[in-house]
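Q: Mind looking over this structure? Questions follow.
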Amino acid sequence: MLRFLRSAMTSLTTPPRVPIPANGVDYRGKVVLAPMVRSGELPSRLTALKYGADLVWGPETIDRAIAGAARRVNPRNGCIEYTRLPSNGGRTDAALQASVIYRLDPVREKGKLIFQIGTASPELAVQAAKVVAGDVAGIDVNSGCPKPFSTSGGMGAALLRTPDKLVSILEALVNEVGNPYQIGISVKIRILEKPELTEALVSRLVKTGITGLTVHCRTTPMRPRERAIRDQLRMVRSICHDAGVACLMNGDVTSRDQALALMEEFGVDGAMIATSAETNPSCFQSKADGGLLPFRDVVHAYLKLCIESENRFGNTKYLLNMMIPGKNKEFRDAKSSKNYADFCHILRFDDLMPAALQLDEILNLSGKSAYYEDIRNKAVQHAIEHNETARAAGGASRPKSMSPTTSGVGPIRTSSIPAPSKSKLEEKEANLDITETASQSSQKQEVAA
C-alpha cells in the first residue's frame, strides 16, 4: 500500500513526457548545434561533435530539393550523399553531373543528427522526410527563418502567421513519418510580438505529437545583432512541459557553460548555439575540459574533416574566412586560395597536404592553385629530403623511370563502411616523382557518432 501511494504521489509531481521513439533522441539535457545555412554542412557538424555538441541540426533543406534526390554511399569515405541532377537551365549541350544536396556521416552522426526541413506543404513535407528518415534521428520543421528565400514560399517564419498550415504539417509528419520510422518530429519557432500570440501558437503546436520545440528568442523582424528577448521563455517552457514536450532555447547562447547556466535559470531542457559555433566550434567544450581553443587548432580539425568528407570547396572557404581572425596574415591569404592544397600551404598544415592534393584531384581543382610554384618547390624539397633519408638508412630511392601509374583517386579517410583501398597521387610535374609519405587519416575515434 505504501509503495502504491509513493508511486501515485510521484506521478502527480512528475511532469508528463511524450514518449521518445525507438530510433529518435531525447532533446533534454542537450547543448546542440543550431541549424544554419552554409554553416551546418557535414564538416561543421562533425567539428561541433568533436568538441562536445550533444546533437547537431543540419541546414534547412527545402522539401522539393530533397524529395527528388537519390541516395548513394560514397565509396571513398562511407558518407551517405543525397544527390540530384541539375536542370542546366534547359540546356542540352552540357553534360549533367549530379549535385550533392545533403551529406551525412552514418557512423559519427548516428543518433545525433536532426534533419531540418523547409516546407509549406504537408504532402511535400512527408514526401521529403521519407527520403532521409532512415538515416537521421529526427525531423525538425523550420518555422523561424526570416530570410526571403524561405518566407517568400510560405516557409520559415511565414508559417507563424499560418498556424493551421503549420499544425497540419506537423501532424502529417508525426503520423506518416515519425510513427512509421520511429523518429521524433520537432519544430523551431520564433516568439511573436505579443506573449498571448506566442502562447496561443505554442499551445496548439504541442498537441500535434511532436517530441521537441525550440524557441528562438527573437521576433521575425529582429536580426542576430539585436539582443535576444527572453521574457516569454518561461511561459513557452511551461506550456511545453505541461504537454510533455522538450523545450530548447536559442538566441545569444555562446558557450556550453553559458548554455547550462541559462537552462538552469529558465528551466528549459536544452540550448542551441549558432553564430559562436561558426567562428570557433570549440565553444561546445566546457572550461573544465579546456574551453575555447586557439584558432589554429580548431581550423586544423575543421579542415581535416572537410577533406575527409569531400566538402565543397566554396563552403570550406566560406567557413575558414569566419574561423581565421581577420588580423592574421593567413586570413588575407586564405581569401585568394583556389583549392585545398592552397589552404594547407598557407596554414602550414603539411600533414594534411597529401590528402588535400588527392581531394583537389577529385574535385577538379588541381590546376587552379594560387600558390602552385611554392607548393611545387616544397614538394620537390620534401622528395629530396626523403631520398637522402632513405640512403642514410641504407635504402635505395626509386628511379624516376619506375614512377608508378595512378590507380584512381583513392580514399580520403579510412572508414569501416566501406573499407576503401589505398591509392597514390599522380605525378604533378614531368620527371618529378612525388610520392605520398603520409598515411591516410585514421578513422575518427573521438566522436562516437
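The values are calculated or read from the model by the stated rules, or taken from the named source; none is laboratory data. These figures come from a predicted structure and were not determined experimentally. Positions of Cβ are generated from backbone atoms using ideal geometry, with glycine treated the same way; all protein chains shown enter the neighbour counts. The protein model used for the area step is the full one, side chains on, heavy atoms only, and it has no ligands, DNA or RNA in it. Shrake-Rupley method; radii C 1.70, N 1.55, O 1.52, S 1.80 Å.
Q: Fully extended, how many nm does the chain gain between residue 318 and residue 179 (0.36 nm per residue separation, minus their Cα-Cα distance)? Could you put the intermediate results ahead of the total?
A: Working: separation 139, 0.36 × 139 = 50.04 nm, distance 3.80 nm.
Extending this stretch completely gives an extra 46.2 nm.
Q: Related question: Assuming a strict under-22 Å limit between Cα atoms, what lysine pair count do you get for region 119-218 once near-sequence pairs (fewer than 8 apart, same chain) are dropped?
A: 10
Q: Please identify which residues in region 177-208 have an amide N closer than 20 Å to a label point set 7 Å out from the Cα of residue 123, following the Cα→Cβ vector.
A: Of the residues in region 177-208, 177-178 have backbone N under 20 Å from the label point off residue 123.
Q: Report the relative contact order of region 30-292, percent, no decimals, based on alpha-carbon pairs under 8 angstrom and at least 6 residues apart.
A: Values: 551 pairs, mean separation 44.6, N = 263.
The value is 17 percent.
Q: Taking the highest mean first, how do the peptides 287-293, 200-206, 66-72 order by number of other beta carbon atoms within 10 angstrom per residue?
A: Details: 287-293: 12.7, 200-206: 19.3, 66-72: 16.6.
Ranked by mean Cβ neighbours within 10 Å, highest first: 200-206, 66-72, 287-293.
Q: Which GluC sites (Glu not before Pro) from region 182-234 combine a DSSP loop assignment with at most 15 other Cβ atoms within 10 Å?
A: Details: sites: 193, 196, 199, 226; in loops: 193, 226.
Sparse-neighbourhood loop GluC sites (Glu not before Pro): 193, 226.
Q: When Lys and Arg each count +1 and Asp and Glu each count -1, what net charge do the other residues less than 12 Å away from residue 288, Cβ to Cβ, add up to?
A: Working: positive: 256, 287; negative: 257, 289.
After counting each charged neighbour, the total is 0.
Q: What is the Cα convex hull volume of region 45-202 when expressed per residue in Å³? Don't skip to the end; give the middle numbers.
A: Numbers: hull volume 22.0 nm³, N = 158.
Dividing the Cα hull volume of region 45-202 by its residues yields 139 Å³.
Q: What percentage of the solvent-accessible surface of region 30-292, computed with a 1.4 Å probe over protein heavy atoms, is contributed by carbon and sulfur atoms?
A: Working: 5010 of 10140 Å².
Ligands and nucleic acids excluded, carbon and sulfur reach 49 percent.
Q: In terms of solvent-accessible area of protein heavy atoms at a 1.4 angstrom probe, what is the ranking of 38, 190, highest value first?
A: Working: 38 120, 190 20 Å².
Largest accessible area first, the list is 38, 190.
Q: While we're here: Stretch residue 264-residue 289 to full length: gain in nm at 0.36 nm per residue minus the Cα-Cα span? It would help to have the intermediate numbers written out before the result.
A: Working: separation 25, 0.36 × 25 = 9.00 nm, distance 2.01 nm.
So the extension gain works out to 7.0 nm.
Q: Further question: Please give the peptides 219-225, 156-162 ranked by average Cβ packing (other Cβ atoms within 10 Å per residue), highest first, as a rough proxy for protection. It would help to have the intermediate numbers written out before the result.
A: On the way: 219-225: 12.4, 156-162: 20.4.
Per-residue mean Cβ counts within 10 Å order the peptides as 156-162, 219-225.
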